[in-house]
Amino acid sequence: MEEKEKFMKEAIKEAKKAYDKLEVPVGAVIVKDGKIIARAHNLKETKKDTTKHAEILAIEKASKKLDAWRLLDCEMYVTLEPCSMCAGAIINARIKKLYIGALDEKTGAAGSVLNLFEDYKFNHNVEVEKGIMKETCEKILKDFFKYLRKLKSKK
């Protein structure tokens with residue numbers, strides 16, 4: 001198994017934790033020197049806070065672990081294309097490379113709706129690779145929204 005699949009599987013585990021909490025199932029891990037230094041999943045509903053996306057929470061944990069806001073030489077694996085808030089945070093955190101599972105045609109800021117990583121000139125460039133375990137990442141999202149619709153129809 002390739003290293004990127006290994007780490008995306010860990011992000012998927014985080015997404016499943018979010019699913020179990022009835023959060024949109026997005027998971028993220030941050031890797032430095034081949035080791036996971038932070039992991040997180042969406043907690044927006046749980047915390048009643050729009051900023052509690054998996055990427056933001058993972059950046060907070062990694063910054064705490066490294067005692068630095070610059071996450072130099074770190075890579076992030078995320079199951080869903082980041083929104084503009086998260087893309088901005090990834091750029092500002094100086095993450096070296098971003099690996100994305102599924103694309104987000106509604107709010108994605110890595111090419112689906114807009115591309116903060118390529119279309120604008122910032123002081124830091126993040127390398128982006130899309131489609132890592134795409135089908136698995138898409139399936140957990142589709143299953144989640146199907147489950148939510150089922151729950152709502154029972155009410």
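Here are some notes:
- LEU98 vs. criteria of a type outside the set (Phe, Trp, Tyr), part of a strand (DSSP E or B) and under 12 Å from the mean Cα position of the chain (by Cα): yes
- Among the residues listed as LYS32, LYS97, LYS65, the single one being in contact with a strand residue (DSSP E or B) (Cβ under 7 Å, 6 or more places away or on another chain), under 21 Å from TYR120 (Cβ atoms) and not acidic (Asp, Glu): LYS97
- Residues satisfying the stated conditions in segment 61-89, i.e. open to solvent by less than 20 Å² (accessible area, probe 1.4 Å), aliphatic (A, V, I, L, M) and more than 11 Å from the chain's Cα centre (by Cα): ALA62, LEU71
- Test: residue in segment 41-48 that is open to solvent by 10 Å² or more (accessible area, probe 1.4 Å), outside any loop (DSSP other than H, G, I, E, B) and either in contact with a His (Cβ under 8 Å, 6 or more places away or on another chain) or among the aromatic types (Phe, Trp, Tyr) (or both): yes
- Residue within segment 52-60 that is out of contact with any helix residue (DSSP H, G or I) (no Cβ under 9 Å at 6 or more places or on another chain), open to solvent by less than 50 Å² (accessible area, probe 1.4 Å) and of a type outside the set (Lys, Arg) present: yes
- Any chance VAL128 is on the phi < 0 side of the Ramachandran plot, open to solvent by 30 Å² or more (accessible area, probe 1.4 Å) and touching an Asp or Glu at 6+ places or on another chain (Cβ under 9 Å): yes
- Considering residues of segment 115-150 that are hydrophobic (A, V, I, L, M, F, W, C), outside any loop (DSSP other than H, G, I, E, B) and touching a residue at least 40 places away in the same chain (Cβ under 8 Å) only, the residue nearest to LEU72 (Cα to Cα): CYS137
- Out of GLU2, GLU81, sole residue that is under 20 Å from GLU129 (Cα atoms), in contact with an Asp or Glu (Cβ under 9 Å, 6 or more places away or on another chain) and not hydroxyl-bearing (Ser, Thr, Tyr): GLU81
- Put simply, of LYS17, LYS6 the only residue that is modelled with pLDDT of 95 or more, assigned to a helix (DSSP H, G or I) and in contact with a Gly (Cβ under 9 Å, 6 or more places away or on another chain) is LYS17.
- Within segment 45-58, residues that are of a type in the set (Ser, Thr, Tyr) sit with their Cβ atoms under 8 Å from residues that are open to solvent by 90 Å² or more (accessible area, probe 1.4 Å), at 6+ positions apart or across chains, in these pairs: THR46/LYS21.
The values are calculated or read from the model by the stated rules, or taken from the named source; none is laboratory data. Bear in mind that the values here come from a model prediction, so they are computed numbers and not experimental data. Note that we place each Cβ from the backbone using ideal geometry, even for glycine, and neighbour counts take in every protein chain shown. When the accessible area is computed, the model is the full protein with side chains, heavy atoms only, and any ligands, DNA or RNA have been set aside. Shrake-Rupley method; radii C 1.70, N 1.55, O 1.52, S 1.80 Å.
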